[in-house]
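The values are calculated or read from the model by the stated rules, or taken from the named source; none is laboratory data. Only a predicted model underlies this, so the values are computations on that prediction, with no experimental measurement involved. All Cβ positions, glycine included, derive from the backbone under ideal geometry; neighbour counts span all protein chains shown. Just the protein is used for accessible areas: all its heavy atoms, side chains included, with ligands, DNA and RNA removed. Shrake-Rupley method; radii C 1.70, N 1.55, O 1.52, S 1.80 Å.
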Amino acid sequence: QVQLVESGGGLVQTGGSLRLSCAVSGRIDSGNPMAWFRQAPGKGREFVAAITWVAGNTVYIDSVKGRFTISRDLAEITMYLQMNSLKPEDTAVYYCAASASSRISAQSSSYNIWGQGTQVTVSS
């Protein structure tokens, strides 16, 4: 059984940085991408970024381009999200997810394995 465990969330001031980690346990399909989503209070779950496991191809939403970097460590079987120049609007619970298909998608319905989430709070 595959499990995803996020860590690295916390409270930072505007302009600060955090690095989120998503540790994968169990056997995953390395041909399928993984992604980060976030959910702010009172809002729906929002796609943030995705990466293909082997090639390392990436996709980002416009609001985080140039500030966030998604990456993965094949040896450690861990995905990361480096978040710089954080803004109060980045405040949310961040989830990592593994896709059920080989195509990168921004739709949460394309992902069938989810972590428990980690809180990121950016103070103004």
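Determine, yes or no, whether A49 is touching a helix residue (DSSP H, G or I) at 6+ places or on another chain (Cβ under 8 Å) and of a type in the set (A, V, I, L, M). So A49 fits the description; yes. When the range 46-79 is examined, which residues are found to be of a type in the set (D, E, K, R), part of a loop (DSSP other than H, G, I, E, B) and either touching a residue at least 60 places away in the same chain (Cβ under 8 Å) or open to solvent by 50 Å² or more (accessible area, probe 1.4 Å) (or both)? Across the range 46-79, the qualifying residues are K65, E76.
Restricting the range 112-121 to residues that are open to solvent by 10 Å² or more (accessible area, probe 1.4 Å) and outside any loop (DSSP other than H, G, I, E, B) leaves a set whose member that is farthest from G26 (Cα to Cα) is T121. Restrict the check to the range 98-111 and report whether at least one residue is without any contact (Cβ under 8 Å) to a residue 60 or more places away in the chain, over 16 Å from Q3 (Cα atoms), open to solvent by 50 Å² or more (accessible area, probe 1.4 Å) and out of contact with any strand residue (DSSP E or B) (no Cβ under 8 Å at 6 or more places or on another chain). Yes.
Return the residues of the range 1-45 that are among the aliphatic types (A, V, I, L, M) and open to solvent by 40 Å² or more (accessible area, probe 1.4 Å); say none if nothing qualifies. V5, L11, A23, I28, listed by residue number.
Can you confirm whether the range 57-70 contains a residue that is over 12 Å from the mean Cα position of the chain (by Cα), within 15 Å of Q116 (Cα to Cα) and either at pLDDT 95 or above or not small (G, A, S) (or both)? Scanning the range 57-70 turns up no residue that is over 12 Å from the mean Cα position of the chain (by Cα), within 15 Å of Q116 (Cα to Cα) and either at pLDDT 95 or above or not small (G, A, S) (or both).
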